[in-house]
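The values are calculated or read from the model by the stated rules, or taken from the named source; none is laboratory data. Quantities reported herein were computed from a predicted structural model and do not represent experimental measurements. Methodologically, a virtual Cβ is constructed for each residue, glycine included, from the backbone with ideal geometry; neighbour enumeration extends over all protein chains shown. With ligands, DNA and RNA removed, areas are computed over all heavy atoms of the protein, side chains included. Shrake-Rupley method; radii C 1.70, N 1.55, O 1.52, S 1.80 Å.
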Amino acid sequence: MFEGFQTQEISTSETRLHVRTGGSGPPVLLLHGYPQTGACWHAVAPALADEFEMVVPDMRGYGESAKPASDADHMAYSKRTMAKDLVEMMAALGHEQFFVAGHDRGGRVAYRMALDHPAQVTRLATLDIVPTYTTWEAMNWRGAIGSYHWQFLAQPNGLPERLIGNDPVFYLHDTLYKWANPGFQFDPDAIAEYERCFSNPETIRACCEDYRAGATVDHAIDKADYGNKKIASPMLALWGDRGQATSSDRLVAWREWADDVRGGGIRCGHFLPEEAPEETTSRLRAFFRGEV
């Protein structure tokens with residue numbers, strides 16, 4: 001995967017990030033989701049590298065990046081903290097301004113980055129999410145069943161870590177294939193990378209801290225911004241079109257947070273960069289070119 005890309009370790013003010021870089025042109029930061037790593041962009045990043053400089057990190061707590069200790073208020077894994085890591089990483093690579101696309105948890109880091117660092121983020125794309133505050137406020141029993149991991153991973157006292165750690169590969173596969181369209185098969189090299197990284201107990205702990213932050217400090221930060229601050233950059237919202245939401249549902253939700261939003265569904269499940277890499281690449285390329 002990532003033929004022709006380089007890998008390096010970059011130290012920020014608070015942690016260390018593992019990052020892949022390749023291509024040339026305007027810089028594009030690609031952020032992965034749970035329970036994956038930057039490897040989820042293995043089909044998209046090389047395709048965009050003919051026109052853009054691609055920067056594909058493992059976020060703090062994931063993959064080969066450092067996994068800071070937990071803290072009582074969960075700020076160590078807040079999206080605000082994770083966004084700050086990545087802005088510092090981009091500056092270390094010489095990029096004071098850049099485009100960003102984030103899938104799943106990476107999308108939450110990406111939109112928080114656009115809110116907290118508007119001078120750095122010039123275009124924002126999110127894949128298969130709506131804002132954290134919106135998600136929690138709209139949660140009902142049906143949503144809770146479909147998104148049970150939001151509640152499960154946020155449980156305290158090491159409960160999810162111990163249960164997942166009993167058979168992490170089983171839990172990983174159950175999560176991935178439950179969220180993908182039926183019959184989809186992930187790239188074997190990508191699956192091997194996810195299995196290797198997710199089998200690390202420290203990765204499991206860090207992922208749970210990510211979700212604990214989502215249920216506490218991330219919700220509080222979003223709540224403080226809701227109605228008071230909007231994303232300034234042009235925004236593209238894409239999602240897997242599984243019949244669960246119409247275009248207006250998703251776009252109405254994002255237009256409460258950003259003035260300049262466009263987007264739509266792609267015929268796939270949750271994992272757009274892997275289930276529909278060609279269309280995802282095409283939509284991102286047109287957006288980052290400023291054509292849509």
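The single condition among (1) among the polar types (S, T, N, Q); (2) over 14 Å from Tyr34 (Cα atoms); (3) more than 18 Å from the chain's Cα centre (by Cα) that Thr132 does not meet is (3). For Arg142, the test of being in a helix (DSSP H, G or I), farther than 29 Å from Phe288 by Cβ and either out of contact with any His (no Cβ under 7 Å at 6 or more places or on another chain) or open to solvent by 40 Å² or more (accessible area, probe 1.4 Å) (or both) is passed. For region 80-129, a residue qualifies if it is farther than 16 Å from Pro26 by Cα, assigned to a loop (DSSP other than H, G, I, E, B) and more than 12 Å from the chain's Cα centre (by Cα), and the qualifying residues are His117, Pro118. When each of Ala76, Ala49 is tested for being of a type in the set (Gly, Ala, Ser) and either in contact with a Phe, Trp or Tyr (Cβ under 9 Å, 6 or more places away or on another chain) or over 29 Å from Tyr133 (Cα atoms) (or both), the lone residue that passes is Ala49. Criterion first (in contact with an Asp or Glu (Cβ under 9 Å, 6 or more places away or on another chain) and open to solvent by less than 20 Å² (accessible area, probe 1.4 Å)) does Thr132 satisfy it? So Thr132 fits the description; yes.
Look through Leu127, Leu93, Leu86 and report the one residue that is hydrophobic (A, V, I, L, M, F, W, C), open to solvent by 10 Å² or more (accessible area, probe 1.4 Å) and touching a residue at least 60 places away in the same chain (Cβ under 8 Å).
Answer to the selection: Leu93.
Checked against (1) surrounded by 16 or more Cβ atoms within 10 Å (Cβ to Cβ); (2) touching a Cys at 6+ places or on another chain (Cβ under 9 Å); (3) free of Cβ contacts under 8 Å to residues at least 60 places away in the same chain, Arg105 passes all but a single condition, namely (3). A search for C-beta distances below 7 Å between a residue of region 1-25 that is assigned to a strand (DSSP E or B) and any residue that is among the charged types (D, E, K, R) and surrounded by fewer than 16 Cβ atoms within 10 Å (Cβ to Cβ), counting only pairs 6+ apart in sequence or on different chains, returns Arg16/Glu9; His18/Glu9.
Taking region 178-292 as the region of interest, the helices (runs of 4 or more DSSP H) fully inside it that hold 1 or more residues being at pLDDT below 95 and touching a strand residue (DSSP E or B) at 6+ places or on another chain (Cβ under 9 Å) are 247-255.
Among the residues of region 12-53, those that are farther than 30 Å from Trp150 by Cβ and out of contact with any Asp or Glu (no Cβ under 9 Å at 6 or more places or on another chain) comprise Leu48, Ala49, Asp50, Glu51, Phe52, Glu53.
Of everything in region 64-83 that is surrounded by fewer than 24 Cβ atoms within 10 Å (Cβ to Cβ) and touching a strand residue (DSSP E or B) at 6+ places or on another chain (Cβ under 7 Å), the residue that is nearest to Glu193 (Cα to Cα) is Glu64.
Annotation: of all residues in region 180-236 being of a type in the set (Asp, Glu) and buried (at least 20 other Cβ atoms within 10 Å of the Cβ), the one that is farthest from Gly146 (Cα to Cα) is Glu193. Scanning region 245-292 for residues that are over 20 Å from Ala114 (Cα atoms) and among the basic types (Lys, Arg) yields one hit, Arg267.
Has region 39-59 got at least one residue that is within 24 Å of Pro168 (Cα to Cα), of a type in the set (D, E, K, R), in contact with a Ser or Thr (Cβ under 9 Å, 6 or more places away or on another chain) and open to solvent by less than 10 Å² (accessible area, probe 1.4 Å)?
Taking region 39-59 first, the residues within 24 Å of Pro168 (Cα to Cα) are 39-42, 57-59.
Those still in the list that are of a type in the set (D, E, K, R) too: 58.
Filter once more, keeping what is in contact with a Ser or Thr (Cβ under 9 Å, 6 or more places away or on another chain): 58.
Remaining after also requiring open to solvent by less than 10 Å² (accessible area, probe 1.4 Å): 58.
Yes, region 39-59 has at least one match.
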